[in-house]
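Asker: Quick one: structure below, then a few questions.
The values are calculated or read from the model by the stated rules, or taken from the named source; none is laboratory data. Note that the structure is a prediction, hence the values are computed from the model and not measured. Every residue, glycine among them, receives a Cβ derived from its backbone with ideal geometry; neighbour counts consider all protein chains shown.
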Amino acid sequence: MDIYLTSGTYDFLYKKYQKKFAAETLLLMQNNNGEGVLLHETSAKTIFHSPRRYEVIDSAGSLVNEGFVTMNHIPVTDEHKPLFEYEIKKTLSLKRDDFRASRLLRPKNGDMYIIFCLWVSKSEYIKWRQNPINISSPLTENPEKTWNDPQHNLFYGKPYLSQLTIPAENS
């Protein structure tokens with residue numbers, strides 16, 4: 001299974017893809033600036049012209065068009081990719097009940113992994129994040145605190161977190 005991502009104005013992505021390809025597994029999300037991000041999950045060819053391409057290497061739950069999304073973008077060095085994948089799969093398996101769906105995405109080009117989590121709502125994500133047991137989780141806003149100590153330097157760049165909503169009209 002693969003995931004493809006593309007970006008653009010929310011209205012353009014809605015009209016060009018969301019309405020036209022309703023039978024596909026698509027999630028149309030919106031960032032804080034109102035810009036759109038469209039996700040296509042498929043084992044076939046994508047409908048996008050020039051997407052960012054990812055292989056799904058761990059998956060739980062179904063993608064539904066409602067809720068709140070976090071995407072941790074994490075640049076991992078080549079020599080640390082197997083360890084990173086193993087550790088994140090283990091982390092996600094322990095957290096399955098905390099969110100509706102999750103995907104660990106390996107880039108087909110480059111080294112920017114994405115940990116995709118679909119939450120019921122933003123308030124559920126905030127509640128999860130504020131739980132003391134989750135402070136050192138690599139799913140938080142600052143995973144480099146968990147992973148980038150002098151003995152465990154997996155990242156070659158700074159990871160970042162994207163937070164997106166799925167507007168009600170997509171449901």
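Asker: Taking the condition of being modelled with pLDDT of 90 or more and of a type in the set (D, E, K, R), how many residues in segment 96-110 meet it?
Answerer: 4
Asker: Would you say residue 63 is at pLDDT below 85, part of a loop (DSSP other than H, G, I, E, B), of a type outside the set (Asp, Glu) and surrounded by 14 or more Cβ atoms within 10 Å (Cβ to Cβ)?
Answerer: For residue 63, the condition - at pLDDT below 85, part of a loop (DSSP other than H, G, I, E, B), of a type outside the set (Asp, Glu) and surrounded by 14 or more Cβ atoms within 10 Å (Cβ to Cβ) - is not met.
Asker: Follow-up question, since we're still on this one. If you take the residues in segment 1-50 that are assigned to a helix (DSSP H, G or I), out of contact with any Asp or Glu (no Cβ under 7 Å at 6 or more places or on another chain) and not charged (D, E, K, R), which one is surrounded by the fewest Cβ atoms within 10 Å (Cβ to Cβ)?
Answerer: Within segment 1-50, the first condition is being assigned to a helix (DSSP H, G or I), and the residues that meet it are 10-18.
Now drop any that are not out of contact with any Asp or Glu (no Cβ under 7 Å at 6 or more places or on another chain), which leaves 11-18.
Filter once more, so that each one left must be not charged (D, E, K, R): 12-14, 17-18.
Values: 12: 11, 13: 22, 14: 19, 17: 20, 18: 19.
Checked segment 1-50; the qualifying residue surrounded by the fewest Cβ atoms within 10 Å (Cβ to Cβ) is 12.
Asker: State the number of residues belonging to segment 66-90 that are closer than 25 Å to residue 124 by Cβ and either modelled with pLDDT under 90 or not in a helix (DSSP H, G or I) (or both).
Answerer: The total comes to 12.
Asker: While we're looking at this one, here's another question. For segment 6-26, does any single residue satisfy the condition of being of a type outside the set (Phe, Trp, Tyr) and within 17 Å of residue 115 (Cβ to Cβ)?
Answerer: Within segment 6-26, not a single residue is of a type outside the set (Phe, Trp, Tyr) and within 17 Å of residue 115 (Cβ to Cβ).
Asker: What residue, among those in segment 108-120 that are closer than 17 Å to residue 160 by Cα and β-branched (Val, Ile, Thr), is surrounded by the fewest Cβ atoms within 10 Å (Cβ to Cβ)?
Answerer: In this case the residue turns out to be 114.
Asker: Go through 147, 128 for me and flag whichever is modelled with pLDDT under 85 and in contact with an Asp or Glu (Cβ under 9 Å, 6 or more places away or on another chain).
Answerer: Details: 128 fails: modelled with pLDDT under 85.
Only one candidate passes the filter, namely 147.
Asker: Same structure again: Determine which member of the set 105, 5, 27, 38 is aliphatic (A, V, I, L, M), within 15 Å of residue 162 (Cβ to Cβ) and touching a Gly at 6+ places or on another chain (Cβ under 8 Å).
Answerer: 38
Asker: What is the one condition in (1) basic (Lys, Arg); (2) at pLDDT 95 or above; (3) in a loop (DSSP other than H, G, I, E, B) that residue 53 does not satisfy?
Answerer: (3)
Asker: Please state which one of 93, 136, 123 is at pLDDT below 90, surrounded by fewer than 20 Cβ atoms within 10 Å (Cβ to Cβ) and outside any loop (DSSP other than H, G, I, E, B).
Answerer: From the options 93, 136, 123, the qualifying one is 93.
Asker: How many residues does segment 96-110 contain that are farther than 14 Å from residue 54 by Cβ, out of contact with any helix residue (DSSP H, G or I) (no Cβ under 9 Å at 6 or more places or on another chain) and part of a loop (DSSP other than H, G, I, E, B)? Walk me through it before giving the result.
Answerer: Let us first name the residues in segment 96-110 that are farther than 14 Å from residue 54 by Cβ, namely 96-101.
Subset that is out of contact with any helix residue (DSSP H, G or I) (no Cβ under 9 Å at 6 or more places or on another chain): 96-97, 100-101.
Next, from what is left, pick out any that are part of a loop (DSSP other than H, G, I, E, B): 100.
So the count comes out to 1.
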